[in-house]
1. What does the charge count around R85 come to, taking other residues whose C-beta lies under 11 Å from its C-beta (Lys +1, Arg +1, Asp -1, Glu -1)?
2. Could you list the trypsin sites (Lys or Arg not before Pro) in segment 677-722 that lie in coil according to DSSP, counting only those with at most 13 other Cβ atoms within 10 Å of their Cβ?
3. Ranked highest first by average number of other Cβ atoms within 10 Å, how do 666-678, 206-218 line up?
4. Residue farthest toward the positive end of the dipole of the chain, with Cβ of Lys/Arg at +1 and Asp/Glu at -1: which of A570, S129, G330?
5. Give the peptides 815-825, 517-527 in descending order of average Cβ contacts within 10 Å, highest first.
6. Which one of A251, H35, A827 is farthest out on the positive end of the charge dipole of the chain, using unit charges on Cβ (Lys, Arg +1; Asp, Glu -1) and the Cα centre as origin?
7. Under a straight-distance cross-link criterion of Cα-Cα below 19 Å, which lysines are reachable from K141, leaving out those fewer than 8 residues away in the same chain?
8. How do E154, E813 rank when sorted from fewest to most other Cβ atoms within 10 Å of their own Cβ?
Amino acid sequence: MTAAGVHTTCPYCGVGCGIVATPDGRGGAGIAADHDHPANQGRLCSKGAALGETLSLEDRLLHPEIDGRRVSWDVALDTVADGFRRTIAEHGPDAVAFYVSGQLLTEDYYAANKLIKGFLGTANIDTNSRLCMASSVAGHKRAFGSDTVPGRYEDFELADLVVLVGSNLAWCHPVLFQRIEAAKRARPSMKVVVVDPRRTETCDIADLHLALKPGSDVALFNVLLAGLSARGATDGRFVAQHTSGLAEALAVAQATDAAACGLAASDLATFLDWFARSEKAVTLYSQGVNQSSAGVDKVNAIINCHLLTGRIGRAGMGPFSITGQPNAMGGREVGALSNTLAAHMDFGPAEIDRVARFWGAPRMATRPGLKAVELFDAVRAGRIKAVWIMATNPVDSLPDADAVRAALRACDLSIVSEAIRATDTVDACRIRLPALAWAEKDGTVTNSERGISRQRPFLPPPGEAKQDWWILSEVAKRLGYGQAFAWRGVADIFREHAALSAFENAGTRDFDIGDCAALDDAAYDSLRPFTWGGASDKRFFGDGGFFHADRRARFIATTARAPVNAPQAARPMILNTGRVRDQWHTMTRTGKSVRLAGHRPEPTVELHPGDASARGLADGDIAEMSSAWGRSVMRVHASDSVRPGEAFAPMHWTAQVSRAGRINAAVNPAVDPISGQPELKHTPVEIRRLDMRWHGTILARRALMLPEISYWARMQGAGYHAYSVAGEQSFAVAQRMLAAAVRTTNPGPWLVGEKNVAAVISDGRVEAILSLTETHDAGARDRFAPFMALDRLSDAQRDQLLHGGTDMHRGGEICACFGVSCGAVEAAIADGATSLAAIGAQTQAGTSCGSCRPELRALLRKARLAKAA
Ligand SMILES: Nc1nc2c(c(=O)[nH]1)N[C@H]1C(S)=C(S)[C@@H](COP(=O)(O)OP(=O)(O)OC[C@H]3O[C@@H](n4cnc5c(=O)[nH]c(N)nc54)[C@H](O)[C@@H]3O)O[C@H]1N2
Ligand SMILES: Nc1nc2c(c(=O)[nH]1)N[C@H]1C(S)=C(S)[C@@H](COP(=O)(O)OP(=O)(O)OC[C@H]3O[C@@H](n4cnc5c(=O)[nH]c(N)nc54)[C@H](O)[C@@H]3O)O[C@H]1N2
Ligand code: SF4
Ligand SMILES: [Mo]
């Protein structure tokens with residue numbers, strides 16, 4: 001019997017798409033887009049569409065563990081509570097810390113913040129949103145007096161000009177990208193400008209791409225501000241009635257040297273002209289802005305331009321900070337950053353008192369706590385003696401990540417609440433608490449447009465895993481705070497959170513969902529997505545009403561400055577990092593999906609062909625990236641989409657899936673002086689070729705224990721593991737070593753073919769394939785994968801395998817939904833397909849989620865250029 005569809009929300013990006021999940025009765029579920037959800041209106045991207053492939057339990061953490069041994073919940077919870085009690089008694093409350101996540105649900109998040117700030121007596125709780133949103137939060141507060149995102153998603157569709165700054169929307173918020181793409185198709189006069197040093201897939205819809213010098217956004221928006229003022233684009237009434245500080249900001253802007261951006265004067269002039277002429281202008285920005293040592297100034301430099309022109313809070317206009325994680329906004333609402341309190345309150349004396357009275361808190365934190373990077377420094381220095389990590393993987397995602405790992409290993413009381421058994425952070429922590437995951441959890445999340453949606457469970461809780469709020473309140477009870485944590489379920493917590501938002505508010509704080517305090521359990525269960533801050537046509541600040549005491553917004557004088565760590569002779573390259581289309585962060589979930597593995601199967605560093613050849617590097621080589629902090633080893637991809645002198649590497653690969661692919665081992669820990677957000681987009685590095693004597697591809701039904709080799713990366717195949725390997729040993733030694741490794745876990749007859757291919761084939765079924773070459777053979781995995789799909793090989797197929805495989809899937813995967821390869825799309829184009837529709841008709845590529853359409857268009861363009869040449 002199958003159950004009915006459950007309406008829930010995607011657990012990945014901050015778009016917050018609605019999903020209908022239909023359990024199949026066998027532990028899995030069908031995943032479909034929710035047509036009635038305001039965020040996606042029936043769309044899903046490749047990651048959302050593949051969620052059904054991430055539900056298996058095989059790699060889940062299902063029981064509490066201490067020092068690697070399974071223990072009961074009672075023992076685990078007692079140990080955590082005793083540990084916190086003892087540490088606080090001996091060293092004071094500031095010796096303990098929580099490090100939490102924008103992937104917790106609001107109810108979990110609220111519980112963590114309440115426990116530590118109201119009852120443990122410290123604000124040493126920070127969230128991975130420090131790495132993500134902190135600069136936007138600080139910039140909003142400086143300008144508006146509150147952390148308010150004024151606009152709505154529909155503003156992107158209503159705008160005449162959409163400026164995307166430091167955002168790779170096509171890959172990171174694909175459904176919003178598709179909404180803009182569709183709006184532009186319907187109204188071609190609409191213009192899109194992309195501001196990004198890299199030429200990303202997002203540039204596919206750009207009328208203008210400003211490939212500015214990394215870190216120079218403040219200069220760019222200062223130049224824009226001065227230019228707008230000079231052209232008479234100032235909204236004098238708005239500025240006079242609702243703002244202050246223009247003169248100082250303008251003076252600094254007028255003194256800014258446009259040359260700092262490294263852009264052509266004509267491009268700058270076009271940008272100014274379009275911005276000046278388009279009243280309906282939206283500036284959407286993301287990590288190219290936030291993750292910077294000048295992140296807060298970048299945010300304010302952008303907001304200044306919108307205040308000057310009065311383009312804020314009305315349909316089709318405004319600055320728009322897009323959030324990354326599904327509940328980054330919820331985290332801001334519960335106040336889980338170390339420098340915020342709760343419900344959009346800060347550490348002012350009256351606010352501390354108000355929250356303490358509301359919570360009945362015996363030991364209220366009275367000042368801000370440590371921010372993420374400082375927090376782990378304090379763990380390393382031994383000032384923090386107990387740390388509890390929830391729903392984040394800091395051993396991979398914080399900068400200077402080897403130091404983070406060392407700090408955790410040296411910490412007496414390191415606790416992690418996790419859904420997955422094998423992560424680099426779980427490996428480094430002593431106490432491991434099994435958490436429920438997306439399909440099992442219950443609660444709410446808030447998306448980028450302040451939209452609150454329910455996440456509803458559709459699968460039963462596995463093993464002994466528990467939801468994060470339950471774990472927290474059990475620890476609270478053991479510490480003697482049972483009454484304040486006596487929630488029977490998530491609805492109780494949500495009502496309390498809603499009541500706090502309205503408590504002694506009276507319009508002084510933007511965040512007020514007091515109406516929800518009266519929801520009964522049934523109403524909470526059936527809660528439909530809604531946006532806080534008023535009806536759907538309501539935006540903030542159209543008529544002023546800012547949250548500074550004088551109700552005016554502030555212009556901020558932002559002086560352009562270079563990133564903290566400049567490149568030097570020994571490390572002349574600038575390492576930029578970010579995301580790829582089909583992986584989510586540290587791959588604990590997307591890494592399980594076969595169809596998501598094909599798009600970017602290995603950790604890759606992109607650099608300009610000139611920089612590559614200057615270092616003797618060719619496409620497919622293995623390179624080491626080293627910085628003053630650490631090193632990482634990746635495969636090289638030469639591409640002119642990055643500027644000369646710059647390199648780009650994805651953040652996703654961990655020690656679980658690649659030997660030295662953890663890029664954050666090399667990333668610098670410099671932070672913005674106001675927000676404390678790390679500069680994850682700008683690390684001076686040098687890149688050198690590693691001299692590999694052999695390269696190999698292994699496909700194996702059962703995972704391998706690989707010997708010590710320079711490079712390996714593992715990815716998920718359909719019913720097998722795929723490895724890409726390379727090393728410095730002699731070819732003969734490699735052959736022996738790898739054959740032994742393959743055969744240890746994949747026993748059976750060992751057949752040796754030609755071209756250094758060998759395979760274990762048992763009863764006609766392939767158990768494993770090993771292919772070794774002297775130079776990198778990029779197509780090997782695609783040539784051998786088809787044989788792993790067969791239950792029984794014919795003699796002819798076996799011979800084909802042992803002679804080097806088949807060319808069916810040449811060129812790697814492009815469409816994740818239907819598993820269509822680049823080769824198949826190129827063949828369709830060669831066959832006469834000249835449009836997206838024609839490619840779709842011939843191959844199905846691009847006809848489902850649409851995430852690959854920018855890449856399909858790039859192949860069409862390439863073919864057109866080749867034909868014209
Ligand atoms: N596929 C996928 N989607 C995701 C995620 C994921 O892991 N995978 N994660 C989600 C999360 S949590 C987040 S925060 C978002 C992030 O979403 P985005 O911010 O769009 O993604 P990033 O790739 O981190 O960085 C964006 C761009 O900033 C550019 N950049 C670097 N330096 C500068 C600079 O100095 N100025 C400017 N203007 N640009 C610069 C980079 O070249 C990069 O293209 O994505 C969310 N969506
Ligand atoms: N170099 C570089 N580094 C970066 C970035 C970058 O652009 N460049 N981006 C930064 C940004 S913006 C972000 S947001 C971070 C993201 O970095 P992380 O937060 O470290 O990445 P995730 O892989 O999303 O980690 C979430 C973890 O929570 C687990 N989990 C999932 N659901 C639950 C649950 O319900 N409960 C519990 N307890 N656990 C759960 C997952 O298995 C996973 O291990 O990375 C940051 N680091
Ligand atoms: S755009 Fe994709 S990842 Fe983001 S919420 Fe929607 S389906 Fe999920
Ligand atoms: Mo993020």
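None of the figures in this text is laboratory data; all of them are computed from the coordinates on show. Keep in mind that this is a model prediction, so the values were computed, not measured. As a convention, Cβ positions derive from the backbone with ideal geometry for all residues, glycine included, and neighbour counts pool all protein chains shown.
1. Counting the neighbours of R85, the net charge comes to -1.
2. On the way: sites: K681, R688, R689, R693, R701, R702, R714; in loops: K681, R693, R701, R702.
Sites meeting the loop and neighbour criteria: R702.
3. Answer by packing, highest mean first, reads 666-678, 206-218.
4. Positive-most Cα among the choices belongs to A570.
5. Details: 815-825: 21.9, 517-527: 13.4.
Ranking the peptides 815-825, 517-527 by packing returns 815-825, 517-527.
6. After comparing all options, I get A251.
7. Those lysines meeting the cut-off are K298, K371.
8. Listed from fewest to most nearby Cβ atoms, that is E154, E813.
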